[in-house]
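First the structure, in the form of structure tokens, and then the observations on it.
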Amino acid sequence: TGGAGKATGRGMASAMEAKEVLGDAAPSFRGKTLEVPSVPLAESVLKANAALTEARSLIPSEEQLKGKKGEEDTAAAAFAALDSSAVVDKYSDAAAEFDSLLRSSRKALIELQEGEDWGPSLQRLEGFAKRGAALAGGERSLLLLLQALIRGETFFLQGSVGAESQKVKTKPEDAVRFADLFLQYLSLEGLKEEDEGAQKDAAEEDAVKRYSEAGRAAKCLALACALAPSSAPDEQLKEAFVLAEHAVSLMNSKETEPPKSAPSGFEEVHSLVVFLLGRFRDWSARWASRLAARVCARGAGVEDP
């Protein structure tokens, strides 16, 4: 029996109306279907979920992320066509809807009347809103990180990370920034929130750690590109090589390998992380080898290869 079963009078009627509004679209959080005491809260839940679904429609399909179809690099084509402004706008709208839901759930919790047993349900709703906002920010950052890496990979691998990379409107510093944002969103309280007295979700916690390691690997790779233009001083070039080697190590670590299946709510992050590691494991190894050759050439007093 949830809070809805214990409400009385007008409160019960409002809760029943809210349940009808949610219908089959009622989301679950931490393994429990959300219950809300009022129609406005139910409508806010649906609005937030709809905004996130719309933003997620921008994510390349599983088929596109598989990579190549004949001679076509379908993943590169999909990210080249991705409208970064739309990604920012739609995911920002989704985050704003979840923030609004969070404020409304806190207000409802404060205004609870004596005898109303909606506390646990509203706390779950608060956790759901926090996680929704964090996921919106995380997915947005991960999409933009992948776009920056893919747009620039040809120029980065050729060592042309300066003026030439402007032709594709990207630079490695962009990827570093998006990786940082991705890591920040994964560390937010919304992805760690637990109901009072609830058993910890060990599988979800482990998955988030693995996704974070993948984000750190991507950041190291982007930094290794940013620090290695043809004009880089010797010490800076050596630092870039160390970072590239660390990126290779992280991408091939067992601690970075994603779980076999995504925790509930993390399906999009999961598929994008799987794609990131699949595409950039070899990429990072080639970049580390190139930097090693450049460091050796500098030490021998010859031109960069």
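The values are calculated or read from the model by the stated rules, or taken from the named source; none is laboratory data. Because the structure is predicted, anything quoted here is derived from the model rather than measured. Cβ placement follows ideal geometry from the backbone for every residue including glycine, while neighbour counts extend to all protein chains displayed. Heads up: the accessible areas ignore ligands, DNA and RNA and are worked out on the full protein's heavy atoms, side chains in. Shrake-Rupley method; radii C 1.70, N 1.55, O 1.52, S 1.80 Å.
The table below gives the values:
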item: Residue check for Leu58: touching a residue at least 12 places away in the same chain (Cβ under 8 Å), open to solvent by less than 50 Å² (accessible area, probe 1.4 Å) and within 20 Å of the chain's Cα centre (by Cα); result: yes
item: Residue in the range 281-299 that is closer than 29 Å to Ala134 by Cα and without any contact (Cβ under 8 Å) to a residue 40 or more places away in the chain present; result: yes
item: Given (1) surrounded by fewer than 20 Cβ atoms within 10 Å (Cβ to Cβ); (2) among the charged types (D, E, K, R); (3) in contact with a helix residue (DSSP H, G or I) (Cβ under 8 Å, 6 or more places away or on another chain); (4) closer than 19 Å to Leu46 by Cβ, index of the condition Lys107 fails; result: (3)
item: Failed item in (1) open to solvent by 20 Å² or more (accessible area, probe 1.4 Å); (2) at negative phi; (3) in contact with a helix residue (DSSP H, G or I) (Cβ under 9 Å, 6 or more places away or on another chain), with Asp24 passing the rest; result: (3)
item: Hits in the range 110-130 - residues which are part of a helix (DSSP H, G or I) and open to solvent by 20 Å² or more (accessible area, probe 1.4 Å); result: Ile110, Pro120, Gln123, Arg124, Glu126, Lys130
item: Positions within the range 278-305 being touching an Asp or Glu at 6+ places or on another chain (Cβ under 8 Å) and within 30 Å of Arg140 (Cα to Cα), in sequence order; result: Trp283, Ala288
item: Any hit, the range 246-266, residues being acidic (Asp, Glu) and under 19 Å from the mean Cα position of the chain (by Cα); result: yes
item: Check on Leu181, at pLDDT below 90 and of a type outside the set (D, E, K, R); result: no
item: Matching residues, the range 71-84, being open to solvent by less than 70 Å² (accessible area, probe 1.4 Å) and free of Cβ contacts under 8 Å to residues at least 24 places away in the same chain; result: Asp73, Thr74, Ala77, Ala78
item: Flag if Ala222 is crowded, with 22+ Cβ neighbours inside 10 Å, under 28 Å from the mean Cα position of the chain (by Cα) and assigned to a helix (DSSP H, G or I); result: yes
item: Test: residue in the range 76-97 that is out of contact with any helix residue (DSSP H, G or I) (no Cβ under 6 Å at 6 or more places or on another chain), within 21 Å of Leu125 (Cα to Cα) and modelled with pLDDT of 95 or more; result: yes
item: Exclusive hit being closer than 30 Å to Gly299 by Cα, small (Gly, Ala, Ser), open to solvent by 30 Å² or more (accessible area, probe 1.4 Å) and in contact (Cβ under 8 Å) with a residue 40 or more places away in the chain, set Ser249, Ser264, Ser231; result: Ser231
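Yes/no matrix, rows are residues, columns are (1) open to solvent by 40 Å² or more (accessible area, probe 1.4 Å); (2) over 15 Å from Leu135 (Cα atoms); (3) in a helix (DSSP H, G or I); (4) among the basic types (Lys, Arg):
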| position | (1), (2), (3), (4) |
| --- | --- |
| Lys19 | yes, yes, yes, yes |
| Pro40 | yes, yes, yes, no |
| Glu54 | yes, no, yes, no |
| Gln64 | yes, yes, yes, no |
| Lys90 | yes, no, yes, yes |
| Asp93 | yes, no, yes, no |
| Ala96 | yes, no, yes, no |
